[in-house]
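Down below is the structure, laid out as structure tokens.
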Amino acid sequence: MSEINTEVKVGTEIPALELPPITRTTLALFAGASGDHNPIHIDIDFAKQAGMDDVFAHGMLSMAYLGRMLTRWQPQSKLRKFSNRFAAITNLQDAITCSGKVVELLEQEGETLARCEIQAVKATGEITLVGEALVAVNA
Amino acid sequence: MLDRSFIGHTFEPHTVEVEKGKLRFFAKAIGETDPIYFEESAARDAGYRNIPAPPSYPFSIDLEAPEFLPFLQLLDMDIGRILHGDQTFEYFGQICAGDTITCQASIKDMFDKKGGALEFVVMEVTFTNQDGELVVRSTQSIVYRN
């Protein structure tokens, strides 16, 4: 079990997770591994017919990256809620950085929960995912 | 316009065995490096019954339904025009390799924005394990580009 010795408080920043640029291979692997076989993410001919310039990343790939950021900060067994809105499409070659911070500590069902604002951002600064996580802390 | 009489529609439930090989493949595909997502011994040492399903993995469990995205046919939607609008997971327990999970999806709401240019379908999926425990609830909205 990961030992968290530092107290989590309002303003605590979740260590950022920087990802390598998204490639077609990334998307092919994620399509297979996640079971999301929507051709718009892996078949350029289909994507063009649908009016897109090229294939683009699964939103759930970036959500999985946010999940990685959360579980390397606190054990997954502490995660109570994880949500995000998909604010912009992630394109090929975009390098995503996940970050977040604690904005509130609240008591719920006998636990102290850290409410964290989380986001995924392109190198250009454009936010692709924005959301929230509730994590049990300081037990 | 999508047929809103399907608000409240409940899909056929389906049951999935959570396989450790699939969990490892998923972990690899997202660049995960923590050994608890690959090795049973590391997972057990960390207090899990077996390799845990990562936080967003329930979405993939639901995708193992016999029909891919069953709402597409139900609502007569074109797969090339759907986008994922938002996604929420609430956790009441942990899904691990070896679990048998029953997914039950339903349509909670449908509405439109921008004068009908975008339609939204809100769905909920509950994930119940082999012991009958509700372990995860997922809520998602699908955006349809008209």
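The values are calculated or read from the model by the stated rules, or taken from the named source; none is laboratory data. As the structure is a prediction and not an experimental result, all values here were calculated from the model. As a convention, Cβ positions derive from the backbone with ideal geometry for all residues, glycine included, and neighbour counts pool all protein chains shown. These area figures cover heavy atoms from the full protein model, side chains too; ligands, DNA and RNA do not enter into them. Shrake-Rupley method; radii C 1.70, N 1.55, O 1.52, S 1.80 Å.
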Inset, instruction - Enter the buried accessible area of the A/B pair, total of both sides, probe 1.4 Å, in Å² rounded to the nearest 100. - result: 2800
Inset, instruction - At 7 Å along the Cα-to-beta-carbon direction for both residue A:50 and residue B:4, put a label point, then send me their distance in nm to one decimal. - result: 2.6
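What does the charge add up to near residue A:56, with Lys and Arg as +1, Asp and Glu as -1, over the other residues with Cβ less than 15 Å from its Cβ? Write down the numbers at each step before the final one.
Values: positive: A:24, A:48, A:122, B:81, B:145; negative: A:36, A:43, A:45, A:53, A:54, A:94, A:126.
In short, -2.
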Inset, instruction - Give a residue-ordered list of calculated ³J(HN,Hα) values for the range B:123-137 (Karplus: 6.51 cos²θ - 1.76 cosθ + 1.60, θ = phi - 60°; whole Hz; x for Gly, Pro). - result: 10, 10, 10, 9, 10, 10, 8, 5, 9, x, 8, 6, 9, 9, 10
Inset, instruction - Measure out, as a whole number of angstrom, how far apart the alpha-carbon centroids of the range B:22-90 and the range A:1-62 sit. - result: 12
Legend entry - Proximal charge balance of residue B:110 [Cβ under 14 Å; K/R count +1, D/E count -1]: -3
Inset, instruction - Return one number: the angle in degrees, 0 to 90 and rounded to the nearest 10, between the long axis of the Cα atoms of helix B:20-29 and the longest principal axis of the Cα atoms of chain B. - result: 70
Inset, instruction - Quick one: compute the contact order of chain A, relative version, from alpha carbon pairs under 8 angstrom and 6+ residues apart, as a percent. - result: 29
Legend entry - Dipole axis of chain B (+1 Lys, Arg; -1 Asp, Glu on Cβ), positive-most option in B:96, B:42, B:57: B:57
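Suppose every Lys and Arg Cβ carries +1 and every Asp and Glu Cβ carries -1, with no other charges. What dipole size does the range A:29-75 come out with about its Cα centre, to the nearest 20 debye?
Values: 3 positive and 5 negative charges, 71 e Å.
Charge dipole of the range A:29-75: 340 debye, to the nearest 20.
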Legend entry - Mean separation of Cα contacts under 8 Å, 6 or more apart, over the residue count of chain B: relative contact order %: 29
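How long is the gain from residue A:72 to residue A:111 if the chain were fully straight, where each residue apart is worth 0.36 nm and the alpha carbon distance is subtracted?
Values: separation 39, 0.36 × 39 = 14.04 nm, distance 2.04 nm.
In short, 12.0 nm is gained.
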Legend entry - Shielding of B:50-56 by partner chains, average beta-carbon count, 10 Å: 5
Legend entry - Max mean-square fluctuation residue, GNM over chain B, Cα-Cα springs under 10 Å, options B:25, B:120, B:59: B:25
Inset, instruction - Find the relative contact order for the range B:1-73 and round it to a whole percent, using C-alpha pairs within less than 8 Å whose residues are 6+ positions apart. - result: 25
Inset, instruction - Using only Cα atoms, tell me the angle between helix A:59-73 and the longest principal axis of chain A; keep it within 0 to 90° and round to the nearest 10. - result: 30
